[in-house]
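> So that we are looking at the same thing, I have put the structure below in structure tokens.
Taken together, the values in this text are just the output of simple stated rules run on the coordinates, not laboratory data. All values reported here derive from a predicted model rather than from experimental measurement.
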Amino acid sequence: MPKPVKEGSVPAVKWAPRVFIMTAVSVAVAILLSYVSKLDESALVFRQARPVTEATIVDVVSGMKLHLRIRRVEVSHAIVSIDLLASKSTAKADMLEDLYEIPRVLFGASTNINQVLVRVLDGSQDKEGTPGPLIATDARREKWLPNEPKLRPMSTEEIQTYLETHYRTTYTPKWQQRDRQKS
């Protein structure tokens, strides 16, 4: 026969499942929050912009999703210069996306970089020597639009127009010749 329960008291047996359920829910929320922060690590919302120096430029550049090989990176005060190497098979779209991506990432990740100089060099030359430039861009922070969405889904022509209207973009005769050959 069960013991009578005093008024106002609750048997301890009913609290055990509740404590277990609350503990399980708390652990699940903690795991979910840590997983969500890992997913959004690449989002600029969770990143703090910091000064980019010669010591930290490797970390910033290695986080970029580029199509071309990096040949040279130089940091000088508030200016970053990057040379990229293109092969004969490198598509125009890949070169233009990299020219867009580099200033976007550097301006978004830094507080001290005000100018980004990017050159795409022709690495497909048969003769020995230094590869000549194909295209160059001079991006200034004041022309950068930080709230503009990524251009990835846009066409090559739209990316090219963006580069020409927001940054100083220079095309060499080699670029123009290569562009005519590919089209």
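> Once amide H atoms are placed 1.01 Å from N in the peptide plane, what residues at a sequence separation of 5 or more from L84, or on another chain, have their amide H within under 5 Å of its amide H?
For L84, whose amide H was placed from the backbone, the distant partners under 5 Å are R71, R119, V120, L121.
> Quick check: residue separation of T172 and E157 times 0.36 nm, minus the Cα distance between them. What number comes out in nm? Before the final figure, lay out each step's value.
Values: separation 15, 0.36 × 15 = 5.40 nm, distance 1.77 nm.
Contour length minus Cα-Cα distance gives 3.6 nm.
> Also, I was wondering about something else. Could you calculate the contour length gain from V19 to K88, that is, 0.36 nm times the residue separation minus the distance between their Cα atoms, to one decimal place in nm?
Stretched out fully, the V19 to K88 stretch lengthens by 18.3 nm.
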